[in-house]
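Novice: Below you'll find the structure I mean.
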Amino acid sequence: MPAAGDFTLLGKRAVLATMHGKERALHALLERGMGLDVHLPAGLDTDRFGTFSREIARPGSQLDAARAKIAAGFELDGEASVAIASEGGFGPHPALPFAALGREIVVLLDRSTGLELVGRHDDLQPVFAHAAADGPEAALAFAARIGFPAQGLIVIGLVNGAPDPAAYLDKDIESAGALAAAVRAAVTQCGAAHLETDMRAHRNPNRMRAIRRAGIDLVRRYRSLCPTCARPGFAVTERVAGLPCSWCGSPTQATRARASVCAGCGWRVEQAVATATADPGECEHCNP
Ligand SMILES: [Zn+2]
Ligand SMILES: [Zn+2]
């Protein structure tokens with residue numbers, strides 16, 4: 001492992017502020033990849049920072065939520081120098097119509113040096129789906145499509161067309177029989193049932209893999225050192241526009257280079273993209 005100078009994590013006590021079995025994806029990776037001494041805090045309840053099943057809304061951004069978990073981890077482990085937390089976000093893809101996007105981040109903070117690193121993984125095919133059901137038959141068909149019971153699902157009462165967990169909520173459904181019973185109960189109470197994939201990591205195998213990939217990205221960023229000051233986390237953070245048009249040579253909005261910038265000393269390295277010129281379709285002179 002390369003020397004990370006003043007920012008080394010080797011042998012430091014770390015608190016892994018995660019629930020829902022995420023330590024299975026991250027614990028060994030953090031110990032082997034960074035040399036951390038990883039502890040799981042007793043009595044952590046990350047659900048208070050927001051749940052996927054809507055009982056508790058998540059405040060702020062994904063990064064804010066991960067930082068709040070990190071603060072909670074430090075509260076529970078006064079000796080830890082380092083805390084790690086993860087956060088997932090799921091929804092429609094911002095750029096591709098009809099596509100879904102799952103974005104996992106794993107955030108590390110060393111409070112003795114101020115080093116913060118963020119590992120990321122974008123999953124273009126997250127297991128993220130929902131359906132309305134008026135009875136067990138429709139529910140079981142949806143369950144078969146999403147890979148239940150390895151992939152978990154939750155049942156919420158559907159009130160006036162909107163899922164309402166205050167009216168009915170069952171998150172602990174392990175079998176087809178339990179699913180049928182939950183749907184009958186929701187329909188009896190609310191008129192219809194809303195089914196959705198359980199996004200908690202221990203009930204979403206696809207998500208567990210994505211969290212692990214975000215963890216691998218975190219280790220990769222830790223090992224990527226600034227060539228000037230050796231601070232970890234030297235990675236591409238900026239896109240530089242201006243790739244020249246292949247017809248007229250004027251700069252376009254297409255990416256010319258990707259830049260890595262050090263958060264410590266500001267050292268900047270630009271790496272040109274493999275393509276030398278942009279399509280005239282992207283040029284405001286040739287294709288105004
Ligand atoms: Zn042009
Ligand atoms: Zn630097």
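The values are calculated or read from the model by the stated rules, or taken from the named source; none is laboratory data. What you are looking at is a predicted structure, and each value in this text was computed from that prediction instead of being measured. Virtual Cβ from ideal backbone geometry, glycine too; neighbours counted across all protein chains shown. Ligands, DNA and RNA are excluded from the accessible area calculation, which covers all protein heavy atoms including side chains. Shrake-Rupley method; radii C 1.70, N 1.55, O 1.52, S 1.80 Å.
Novice: When segment 86-116 is examined, which residues are found to be more than 19 Å from the chain's Cα centre (by Cα) and either buried (at least 20 other Cβ atoms within 10 Å of the Cβ) or closer than 30 Å to Val127 by Cβ (or both)?
Specialist: Pro97, Phe98, Asp110, Leu115
Novice: Now, a different point. Take the residues in segment 26-68 that are among the acidic types (Asp, Glu) and under 22 Å from Thr197 (Cα atoms); name whichever of them is modelled with the lowest pLDDT.
Specialist: Our first condition is that a residue be among the acidic types (Asp, Glu); within segment 26-68, this holds for 31, 37, 45, 47, 55, 64.
So of that shortlist, the ones also under 22 Å from Thr197 (Cα atoms) come out as 45, 47, 55.
Details: Asp45: 76, Asp47: 71, Glu55: 67.
Ranking the candidates gives Glu55 first.
Novice: Which one of Ala83, Ala17 is in contact with a strand residue (DSSP E or B) (Cβ under 8 Å, 6 or more places away or on another chain), surrounded by 16 or more Cβ atoms within 10 Å (Cβ to Cβ) and modelled with pLDDT of 95 or more?
Specialist: Just a single option satisfies the conditions, and that option is Ala83.
Novice: Quick check, is Arg212 outside the structural domain of His20 (by TED's automatic domain parsing), open to solvent by 90 Å² or more (accessible area, probe 1.4 Å) and not in a loop (DSSP other than H, G, I, E, B)? Show your work before the answer.
Specialist: Numbers: outside the structural domain of His20 (by TED's automatic domain parsing): no; open to solvent by 90 Å² or more (accessible area, probe 1.4 Å): yes; not in a loop (DSSP other than H, G, I, E, B): yes.
No, not satisfied.
Novice: If you scan segment 223-277, which residues turn out to be open to solvent by less than 80 Å² (accessible area, probe 1.4 Å), among the aliphatic types (A, V, I, L, M) and within 14 Å of ligand 2 (Cβ to nearest atom)?
Specialist: Selection gives Leu225, Ala230, Ala235, Ala259, Val261, Val269.
Novice: Same structure again: Which of the residues that make up segment 112-134 are over 18 Å from Val219 (Cα atoms) and out of contact with any helix residue (DSSP H, G or I) (no Cβ under 6 Å at 6 or more places or on another chain)? I'd like the intermediate steps shown before the answer.
Specialist: Pass one, segment 112-134, residues over 18 Å from Val219 (Cα atoms): 112, 123-134.
Those that are over 18 Å from Val219 (Cα atoms) and out of contact with any helix residue (DSSP H, G or I) (no Cβ under 6 Å at 6 or more places or on another chain): Ser112, Leu124, Gln125, Pro126, Phe128, His130, Ala132, Asp134.
Novice: Tell me yes or no: at least one residue of segment 233-242 is within 16 Å of ligand 1 (Cβ to nearest atom), farther than 30 Å from Asn160 by Cα and out of contact with any Gly (no Cβ under 6 Å at 6 or more places or on another chain). Talk me through it step by step, then tell me what you get.
Specialist: First, the residues of segment 233-242 that are within 16 Å of ligand 1 (Cβ to nearest atom): 241-242.
Now narrow it down to the ones that are farther than 30 Å from Asn160 by Cα: 241-242.
Remaining after also requiring out of contact with any Gly (no Cβ under 6 Å at 6 or more places or on another chain): 241-242.
So far as segment 233-242 goes, yes, one or more of its residues are within 16 Å of ligand 1 (Cβ to nearest atom), farther than 30 Å from Asn160 by Cα and out of contact with any Gly (no Cβ under 6 Å at 6 or more places or on another chain).
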